[in-house]
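Below: one structure, written as structure tokens.
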Amino acid sequence: MNKRPIKKVAPPPRGHTRRPDSEERQKAIKTNAQKRRRKRKSRVGLFYAFVLLIAVAIGVTLCLTVFFRIETIEIVGETRYSNKEIENYSQIAKDQNLFLGNLTKAKETIMQNLPYIDDVAVSRKMPSTVVLKVTEATPAGVIGTDEKWVIINAKGKVLEEEQGDYPPGIAEISGVEADLAAPGSQVTFHNPNDASVLVDLIRTLNDTGLGKITSIHIEQGVSVTLVYDDRVTMRIGTPTELTEKLAGAKRALEENISPTARGKMTFTGVDFTFLEDRSPPVESEPFVNSEAQNSENPTSNQ
């Protein structure tokens, strides 16, 4: 009887162990299951993200169209203007959305049209209120020409303009050249150094509390002279160390110098000397228009 030849199977490479086919199939099944789970999770995540996006869009739309409509405009602060004037010039309309209103524009419009308002802080108060906190401007000086004068604040903003005599109780500014502007706008100084000196001087006067200044003279931005209470001329000199100079002058005027004394205070650095003028004050004679008087009394020359 013939025997069939026995087929020899080559042994596996050294160090390699052949896995049964069932083990490889189980591994492939497990891998495919993991891939399917990852895909399913990804689809669920995209679905929830889409739902969240729709919900946010609906919420934003409702906030901008239905909720947070302006119902109240609250004015905080005392000024010469009525609350109604401030509200009208703010151009903030009631029933518009609280977040869509141009609050920056409201501040600019108020300050330009109501010159005696120095600053406006605009804020929102949920759910339906706009708050306008206004600050009154303080007149710092009056500057003008033969034709008209303007009152300015410490920043050079024109508060009002007029013709005729200067208003009492406000320091007259001289020695500077400037283009006058309409109320609500800025004065333009020909010499920029004059503007910086004036702003720094007025700020320091306010900080030190030295009041009753009736005249401010700035000479080409390098020399300052003040007149206190129409009786003491203060030659400050260069506009440096203003805080020390003005604080020292204030102490002397309050503690050492008679409240009725007249004279000159001359500074050398932060030190100064006071020379009192003991001569009697000269009173000016009242002006009489002789031609007008003669026309009213035609028989006076007969």
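Spin-label model, S123 to K212: label points 7 Å out along the Cα-to-beta-carbon direction sit 3.9 nm apart. Annotation: amide H-H contacts under 5 Å for E172 (H modelled 1.01 Å from N, sequence separation of 5 or more, or interchain): V142, S215, I216. Quick one: which of K155/K212; K157/K264; K105/K125; K133/K245; K84/K105; K148/K264 span more than 29 angstrom between C-alpha atoms? Those over the limit are K157/K264; K133/K245; K148/K264.
3J(HN,Hα) along the range 250-255: 4, 4, 5, 5, 8, 10 Hz, from the Karplus curve 6.51 cos²θ - 1.76 cosθ + 1.60 with θ = phi - 60°, whole Hz, x for Gly and Pro. With R₀ set to 41 Å, the beta-carbon distance separating Q186 from S82 gives a calculated FRET efficiency near 0.95.
Each of I152, I54 was scored by other Cβ atoms within 10 Å of its Cβ. Arranged with the fewest first, they read I54, I152. All other residues whose Cβ lies under 15 angstrom from that of N193 are scored, Lys and Arg at +1 and Asp and Glu at -1, for a net of -4.
Peptides 133-139, 162-168, 108-114 ranked from most to least packed by the mean count of surrounding Cβ atoms within 10 Å: 108-114, 133-139, 162-168. Note down the net charge around Q220, summing +1 for each Lys or Arg and -1 for each Asp or Glu among other residues with Cβ under 14 Å from its Cβ. Neighbour charge sum, excluding Q220 itself: -3.
Among F274, F189, F99, a tally of other beta-carbon atoms within 10 Å of each Cβ gives an order, fewest to most, of F99, F274, F189.
Taking amide hydrogens as placed 1.01 Å from N in the peptide plane, the amide H of G237 sits under 5 Å from those of V224, each at least 5 positions away in sequence or on another chain.
Read-outs throughout are calculated quantities, based only on the coordinates presented, and are distinct from any laboratory measurement. Keep in mind that this is a model prediction, so the values were computed, not measured. Cβ atoms come from the backbone with ideal geometry, glycine included; neighbour counts cover every protein chain shown.
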